[in-house]
Amino acid sequence: MAEIKLAADIRTEFGKGAARAVRRENKVPGVIYGHGADPVHVTLPGHELLLALRTPNVLLSLDIDGKNELAIPKAVQRDAIKGYLVHVDLLLVKRGEKVTVEVAVETEGDLAPGSFLVENVLNTLSVETEATHIPTSVTVSIAGLEGGDAIHAKDVTLPSGTTLVTDPARGSTPPRPARPWPPAAVAGPGPAEA
């Protein structure tokens, strides 16, 4: 996974008014946690951060007053209506350190002939992996599955160096027969005879 470099400035003013002033400058207030250190309050460039966060579990290389730190997003707050970034919490990581993250599950292939639907019970899996090698997603093949078949979390092939944290017995993608649409009329008593 490539690192995305961002310049971060230390924040000295706190509170709602200070955060609004930061956002007016097209920046995002944030806090960096981790490794037993005190939280560091920073401002990050808004547009560059927004683009970086399009990649799930992105690894950010932050330049904080000349000191380079690696971090991953822990929590991202967005405006409910307009969608802009309001605040971000980042978790400090080190090269070689193992982290637990949620990874998207993608499906590929075609089901067995017939009318079946795929029901994704799990859209993400919790995995433990090295901070600098976080996969963006895992792919599950559903080729040839029939109604009633299921793929469990333990059946998903993970990249090397990645271990499963999710319960291995949890289901991921059981196909089920498609229901006809519109549904057949419900049989019931006919109109009363006079």
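Do we have Gly36 as farther than 14 Å from Ala131 by Cβ, of a type in the set (Gly, Ala, Ser) and either modelled with pLDDT under 90 or open to solvent by 20 Å² or more (accessible area, probe 1.4 Å) (or both) here? Show your work before the answer.
Details: farther than 14 Å from Ala131 by Cβ: yes; of a type in the set (Gly, Ala, Ser): yes; either modelled with pLDDT under 90 or open to solvent by 20 Å² or more (accessible area, probe 1.4 Å) (or both): yes.
Criteria met by Gly36.
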List, please: which pairs have Cβ atoms under 6 Å, are six or more places apart or on different chains, and start with a residue in segment 24-39 that is of a type outside the set (Lys, Arg) and end with one that is modelled with pLDDT of 90 or more and open to solvent by 70 Å² or more (accessible area, probe 1.4 Å)? Pro39/Tyr33
Considering segment 18-31 alone, what residues qualify as being open to solvent by 50 Å² or more (accessible area, probe 1.4 Å) and in a helix (DSSP H, G or I)? Arg20, Arg23, Arg24
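Would a scan of segment 1-15 turn up a residue that is of a type in the set (Gly, Ala, Ser), assigned to a strand (DSSP E or B), touching a residue at least 40 places away in the same chain (Cβ under 8 Å) and closer than 29 Å to Leu164 by Cα?
First, pick out the residues of segment 1-15 that are of a type in the set (Gly, Ala, Ser): 2, 7-8, 15.
Retained after the next criterion (residues that are assigned to a strand (DSSP E or B)): 7-8.
Retained after the next criterion (residues that are touching a residue at least 40 places away in the same chain (Cβ under 8 Å)): 7-8.
Next, from what is left, pick out any that are closer than 29 Å to Leu164 by Cα: none.
Within segment 1-15 (the criterion being of a type in the set (Gly, Ala, Ser), assigned to a strand (DSSP E or B), touching a residue at least 40 places away in the same chain (Cβ under 8 Å) and closer than 29 Å to Leu164 by Cα), the answer is no, since none of the residues qualifies.
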Which residue pairs have Cβ atoms closer than 8 Å, lie 6 or more positions apart in sequence or on different chains, and pair a first residue in segment 134-159 that is on the phi < 0 side of the Ramachandran plot and surrounded by 12 or more Cβ atoms within 10 Å (Cβ to Cβ) with a second residue that is among the basic types (Lys, Arg) and not in a loop (DSSP other than H, G, I, E, B)? Gly147/Arg176
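With the structure loaded, tell me whether His47 is open to solvent by 70 Å² or more (accessible area, probe 1.4 Å), touching a Leu at 6+ places or on another chain (Cβ under 9 Å) and of a type outside the set (D, E, K, R) or whether it fails that test. Reasoning before the result, please.
Working: open to solvent by 70 Å² or more (accessible area, probe 1.4 Å): yes; touching a Leu at 6+ places or on another chain (Cβ under 9 Å): no; of a type outside the set (D, E, K, R): yes.
Spelling it out, it is not the case that His47 is open to solvent by 70 Å² or more (accessible area, probe 1.4 Å), touching a Leu at 6+ places or on another chain (Cβ under 9 Å) and of a type outside the set (D, E, K, R).
Mind telling me which of the residues Glu25, Glu48 ends up being at pLDDT 90 or above and touching a helix residue (DSSP H, G or I) at 6+ places or on another chain (Cβ under 9 Å)? Spell out the reasoning first.
Values: Glu48 fails: touching a helix residue (DSSP H, G or I) at 6+ places or on another chain (Cβ under 9 Å).
Answer to the selection: Glu25.
Is it the case, given these coordinates, that Val42 is over 23 Å from Thr136 (Cβ atoms), open to solvent by less than 20 Å² (accessible area, probe 1.4 Å) and within 20 Å of the chain's Cα centre (by Cα)?
Details: over 23 Å from Thr136 (Cβ atoms): yes; open to solvent by less than 20 Å² (accessible area, probe 1.4 Å): yes; within 20 Å of the chain's Cα centre (by Cα): no.
Against the criterion (over 23 Å from Thr136 (Cβ atoms), open to solvent by less than 20 Å² (accessible area, probe 1.4 Å) and within 20 Å of the chain's Cα centre (by Cα)), Val42 does not qualify.
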Please find, within segment 34-57, the residue that is farthest from Val93 (Cα to Cα) out of those that are in contact with a strand residue (DSSP E or B) (Cβ under 6 Å, 6 or more places away or on another chain) and among the β-branched types (Val, Ile, Thr). Thr43
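The values are calculated or read from the model by the stated rules, or taken from the named source; none is laboratory data. Please read these numbers as outputs of a predicted model, since none were measured by experiment. Here the Cβ is made from the backbone with ideal geometry for all residues, glycine too, and neighbour counts use every protein chain on show. Note: areas computed on protein heavy atoms with side chains; ligands, DNA, RNA excluded. Shrake-Rupley method; radii C 1.70, N 1.55, O 1.52, S 1.80 Å.
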